[in-house]
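A.B. asks: Sharing a structure, written as structure tokens. Questions coming.
Laboratory data are not the source of any read-out in this text; all were calculated from the coordinates shown. Predicted model, so just to flag it, every value in this text is computed and none were measured. Cβ placement follows ideal geometry from the backbone for every residue including glycine, while neighbour counts extend to all protein chains displayed.
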Amino acid sequence: MDSTDLAGLIDDLTAKARDASSGRAARTIRGGHEHALRETVIALRAGHELAEHESPHEATLQVLRGRVRLIAGDDAWDGASGDHLTVPPQRHSLAALEDSVVLLTVSNRVP
């Protein structure tokens, strides 16, 4: 069984995001293309974003720290620590309203 110290990882990625010119840092903690499920912890510095992109499969976002805004076209959803958001199946972006860390879970299989 694998185990991840999420509290330690959140602190580590937050520090890396603060130092990165991109304002972000990430680490996949489970899965990859050879698995049905991929989980990635992403830290974003306030005011930075993951630019608009496609999500080819089902995905969810759990806010572990901070506040974020998930944007898809004219729609937007705000999430704060403890919130769980379903990523829409259309092009979308993610903006950090304050220093934030999220857990992105993506299915690598088409339903």
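A.B. asks: Give the residue from His48, Ala26, Ser81 lying farthest towards the positive end of the charge dipole for the chain; charges sit on Cβ (+1 for Lys and Arg, -1 for Asp and Glu) and the dipole is referred to the Cα centre.
C.D. replies: About the Cα centre, the residue reaching furthest to the positive side is Ala26.
A.B. asks: Kindly write out, for region 16-22 in residue order, the coupling ³J(HN,Hα) from the Karplus curve 6.51 cos²θ - 1.76 cosθ + 1.60 (θ = phi - 60°), rounded to whole Hz, with x marking Gly and Pro.
C.D. replies: So the J values, rounded to whole Hz, are 5, 5, 5, 8, 7, 5, 6.
A.B. asks: Let me ask you something else. Out of (1) 77; (2) 52; (3) 47, which label holds the value of percent of Cα pairs over 17 Å apart that was computed here?
C.D. replies: Computed from the coordinates, percent of Cα pairs over 17 Å apart corresponds to (2).
A.B. asks: Would you calculate the separation in nanometres between label points at Ala51 and His84, each defined as 7 Å from the Cα along the Cα-to-beta-carbon direction?
C.D. replies: 3.2 nm
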